[in-house]
Every structure is written in C-alpha cells, then in structure tokens.
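Worksheet: the structure to be examined is printed underneath.
The values are calculated or read from the model by the stated rules, or taken from the named source; none is laboratory data. Since we're looking at a predicted model, the values are computed, not measured. Neighbour counts are summed over all protein chains in view; Cβ atoms, including those assigned to glycine, are modelled from backbone coordinates with ideal geometry. Keep in mind that these areas ignore ligands, DNA and RNA; they rest on the heavy atoms of the full protein, side chains included. Shrake-Rupley method; radii C 1.70, N 1.55, O 1.52, S 1.80 Å.
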Amino acid sequence: MKKAFANTRVAVKLRKSEYREEWYLYIESYPVFVPGKSTPQRLREYLNRTITTPIWDKKRNARTSSDGKVSYKPKRDLNGVIQCKSQLDQEMCIYADKIRNIRQTEYDNAALYSDTDAEQAEQMERSRSNFIEFFDHVQRTRHARSSDSIIVNWNRVYELLKIFAKGDTILFSQIDLKLMESFRSFLMTAPQGGNKSGIISQNTAATYFSIFKAALKQAFIEGYLTVDISAKVKGIQEQESRREYLTIDELNSLAQAPCDPLLKRAALFSALTGIRHCDIQKLKWSEIEEFNGGYRLNFTQQKTKGVEYMPISEQAIELCGDRQDEDMLVFEGLPDPSWINRPVKKWVEAAGIKKHITFHCFRHSYATLQLAGGTDNYTVSKMLGHTNVKTTQIYAKIVDAKKEEATKAIQLDLNKA
C-alpha cells in the first residue's frame, strides 16, 4: 500500500500592526497534521521581524473591508520573495524566505529522514552541483527577456567563468572568499570577446563582477550556498568616464547642418527627451498619447524594463512627423547602434563641431542641459528612467565643473585700484 504524504505548503506572509505603519513577517504552514488532532492545522510562526516599505501588487486584491476599502497582496519576485522599497526591509524578507525554505524542506522530508538527516542530505547534494551550470540556467531563465546589453554581458561572464575554471565546472563546495578574490583579479586582465584584442576595461570588469555576485546571491536565495558570500567581497571600483555632451549652440548648429532627415529627427528627439537609441528605434505611435493639453510617452524601457510616462515638448512632437497607424514605428528605418555612429560623425564634422560625439551623447546632452538649467537631480533621474539617482549625479559633476569655469570668466585688474 502506498504511503500518503502530507503536501504541506509553507509561505511567508504579512500581518499589519494595529498601532504602527508596519507589518509583521510570519511563516504560515498548511495543512499540518498534529498528533492528537483529527483535522489538519494551520500553523503560524512569527519571526520577530517587521518591515515598513512593502510594495503592493495592485493587480491582486487581498480583501475588501465593509467600507469598501481594498487592500492588496504584497508584490513578490520570481522566487516568491516579498519585495520592499527599503534595502533593510528587503534583507528581512530574504531572511524570512530562507526560514520558509528550511521549514518547507522539513515538511517535505519528514516522512523520509529525520530533520537533521534531511537538511544534511539536501545540502550535500547541492554542494556537489555545478555553479557554472547554475549560472547558465539563471541567465537563460531569469534574463531571457532582458535587454540585449544585459544578455550579452551575462553570456560573456559565462564564457569567462569557463576560461577561469579551465573547463566548465566549479562546484558550489569550491566557492569561498579565496575563489571570489581570484576571479576578481582574473577579470582585471580578462580578454575581450569576439575578434577584439587586448583586455577589458576596468568599468567592464566592474560590470562583469557585479553579474558574478548577482549569480552567487541567487544561489544563496535558492539554498545552494548556506552563507551570502556575495556580500563579503567588495566590487571592482568603476573609473569615471568622460561623458561628452553638446551645448545649445552646438545642437542648433546640427539642426542646420546637412544630414539624413531620419537620423537628424531621431538624434534631436533624443536631445529633447533623453531617450535611448534602442527605445527610439522601437517607439510606436500607440506609445505617444495626448495628456493634459500636451503629449507624453507611455513606453517600456528596453534596458531596465521600467514602464515610463514621460511628458514631451511640442518641438519633440514636431520631430516625430505626421501621425501614422498605431502599430507603426515613429522612426521607421532608423539604423542599428552598430553603425549609426558613422553618419553621426560626418554630420558633427559638417556642423564644425570638434567633439567626439556618438548617438548616445544626445542623451547625455539632455541630462546635462536639464541640470544646467536648474532642474533638480530627482526630476532628471525620473525623466531619464534611471533606477538609481546616483547615476544622474554623474552629470551633475559636469555642471559643477562648468560653474567653476564660469567663475573665471570675469577678471578685474585690481593692481591699479
């Protein structure tokens, strides 16, 4: 006779405090069959942890009160971890999910092993798993719909891991601080991919090491690592790169200089809106809508996957041309990033501008000119779709440097006074 297993499900849940704007984290298990009870029990285990910044999923109603007020379920990531605005709260939720995973394992294996044996057997099995295979699985499942640049970067780190390992295997049991430091040093002199010669830049190495740490973080969340080792090693310090931009006078010169009409419209549109080339290339007429007597864009960024609602100026609308069918591209036929900078270079030279300008510099120009005009960092960050305002502060340094130059513009002859 087959033995019936109790399919107990364990979940992390929230309970609102009666006195403060905070929520208690607790583990709920159901059904649990307790000796002496004839019916399955619902067990709650409070973790002595509270959070204050949960993100609510407005698409999933929890309950509706008698006065008609609707509450929502917390938003969760692909692993079921509750999402928060605060980093501290997010760490609390990851901790709670680790406890949930332990409890789930205990229930799942209760009929097969003792509690200790089950935990040890599972951890032993996972320690023998291949981290490089896990890395490949993460990039194919979690980043399948990410932007092209993110996919390319994850693929390159995957290849570099195999070069570093001199094969295709790094066991989880081999991962320690020494291995992380060794891979960090390896990236500082890692070869470029494709047909390129030489080594990668320090900023590229910093990006790659961040991806490596993100994979280790995911491994910790999924229980392959018992310690969040990714948090114990510092990332590679990025070097500040020069972000070239165009002044208003230079943009006006470009507007008058000869150039392919489609390229000119798209580039100046980027300078007026700050939108990336990849988003301009895929912008549809359905994503331009009238709003409060003007116009705004309603689109999803290719790079961050963030949904943006961005008001745009009358001049930006003029550059779009006559409105077409909703499913048509606004800038139909715009060249790919791989070769669009060739005609941009000729256009810049025709306008008499000596700077090294690429298409992306029009986005830099938007950010710099907005800050120079007095728009605050937070607003510019939102307009650019940055996920972190620190990214926007890079442009503020350019503006500060220009202010310092401006202080030297007025020179008085004080010796004759």
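Annotations
- Only protein heavy atoms count here; under a 1.4 Å probe, Phe220 has an accessible surface of about 30 Å².
- Restricting the calculation to Cα atoms, region 199-269 shows an Rg/Rh of 1.33 when the hydrodynamic-style radius is the Kirkwood one.
- Hz values of 3J(HN,Hα) by residue in region 75-87 - Karplus curve (6.51, -1.76, 1.60), Gly and Pro given as x: 6, 10, 7, 5, 8, x, 7, 4, 9, 10, 6, 8, 4
- Only protein heavy atoms count here; under a 1.4 Å probe, Glu238 has an accessible surface of about 110 Å².
- The listed residues Thr368, Thr141 rank as Thr141, Thr368 when sorted by accessible area, largest first, using a 1.4 Å probe.
- Pairwise inverse Cα distances across region 149-303, averaged and inverted, put the Kirkwood hydrodynamic radius at 19.5 Å.
- Taken one residue at a time, the phi angles of region 197-202 give Karplus couplings (6.51, -1.76, 1.60, θ = phi - 60°) of 9, x, 9, 6, 6, 5 Hz. Gly and Pro are set to x.
- Cβ-defined net charge surrounding Cys259, 13 Å radius [Lys, Arg +1; Asp, Glu -1]: +3
- The calculated FRET efficiency for Asp376 paired with Trp339, based on their beta-carbon distance and R0 = 35 Å, is about 0.40.
- Counted by Cβ distance under 13 Å from Met180, the other residues give a net charge of +3, where Lys and Arg count +1 and Asp and Glu count -1.
- Taking amide H positions as modeled 1.01 Å from N, with prolines and chain starts lacking one, the residues under 5 Å from Leu225 and 5 or more places away or on another chain are Phe220.
- Solvent-accessible area of Ile229 with every protein chain in place, 1.4 Å probe, in Å² to the nearest 10: 20 Å²
- Dipole magnitude of region 32-165, debye to nearest 20 (Cβ charges: Lys/Arg +1, Asp/Glu -1, about Cα centre): 820 debye
- Normalised alpha carbon radius of gyration of region 313-384 [divisor 2.2 N^0.38 Å]: 1.36
- Cα gyration tensor shape of region 60-201, rounded if a/c is under 1.5, else prolate or oblate by comparing a/b with b/c: oblate
- Longest to shortest principal axis, alpha-carbon extents of region 70-114, angstrom: 40, 26, 16
- Among Val70, Val152, Val157, the sequence by solvent-accessible area, most first, with a 1.4 Å probe is Val152, Val70, Val157.
- FRET efficiency for Leu179 and Leu329, using Cβ-Cβ distance with R0 set to 60 Å, rounded to 0.05: 0.80
- For region 1-111, convex hull volume per residue from C-alpha positions, Å³: 163 Å³
- Extreme residue, positive dipole direction of region 30-75, given options Asn61, Asn48, Phe33 (C-beta unit charges): Asn61
- By accessible area with a 1.4 Å probe, ligands and nucleic acids excluded, highest first: order of Glu28, Glu349, Glu290, Glu122: Glu290, Glu349, Glu122, Glu28
- The H on the amide N of Cys84, modeled in the peptide plane, is under 5 Å from the matching H of Ile55, each at least 5 residues off or on a different chain.
- Volume per residue of the C-alpha convex hull in region 124-203, rounded to whole Å³: 107 Å³
- What the phi angles of region 333-346 give under the Karplus curve with 6.51, -1.76 and 1.60, with θ = phi - 60°, is a coupling list of x, 5, x, 6, x, 4, 9, 5, 6, 5, x, 4, 4, 5 Hz, glycine and proline written as x.
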